[in-house]
Amino acid sequence: MAPAFFAINPKLVDGTPFDPLTTTTTTTNDHPSPIVIWHLVLPSFPSLSLSFSDPTTTTTTTVIPLESDQVTTALDALYPQLSTRCSAGPSLDRLNTCLANHETFSLFLATEVFSTSTSSSTSPLQEPSGVRITKIVGALTLVTLNLLMKSCAHIEDVVVDGSCRGRGLGKGLMRRALDEAVHTHSCVMVDLTSNPNRIEARTLYQSLGFELRDTGVFRYTVPQYRK
């Protein structure tokens, strides 16, 4: 069975590229498994499609195939930690629909990993050393807009598993999103909204250069979805 998704372009939480050949992935009590942030894409993602269709095409980054259950089960566990209004993550159909809009929608996953000497994957893009995602522990959604006068982006659904908080995942996810917005999509501004009660999160955003704006946000909610 073909993989439902691929995790590509891995980076550590500090923004440096992840290389399983040089990064220690051995887990001990003093040194937990490294956190790696990936961009989740469909098999139809342009760079992957090119590599699969042309056997002579090579890639310099680790690419990991993921089954649908591995992703949806992890998001089902993560999203209820984001809001009491979330009882589960997105459906598989909705996830596929969103990821298909790769020019405007990006989903980043923070994961724990370890390297293996052999890999069961037959993907031609798999690193020879082998690397396996053991647990998905964080997620962030980036939506980009190409408007008439500028390109901008909005960050949504930033969530980190309670067992991994305090390890820099939130900052790592935010840095990855900002890098994608600015350098891949040429966005000149990135917005997000944050509950005033989330003091720690708001401090993080400000440390990354976000500024609190005085303009008010107006929202229209379809009547049947209003509280």
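The numbers here are math on the coordinates, done by the rules we state, and not lab data. These numbers were taken from a predicted model, which means no experiment stands behind them.
Here are some notes:
- Taking 17 Å as the straight-line reach from the Cα of residue 135, the aspartates and glutamates in range (excluding those fewer than 8 positions away in the same chain) are 67, 69, 76, 112, 161.
- Relative to the current alpha-carbon distance between residue 199 and residue 217, full extension at 0.36 nm per residue lengthens the span by 4.6 nm.
- Spatial extent of the range 143-227: Rg and Dmax, with the Cα atoms as the point set, Å: 14.7, 43
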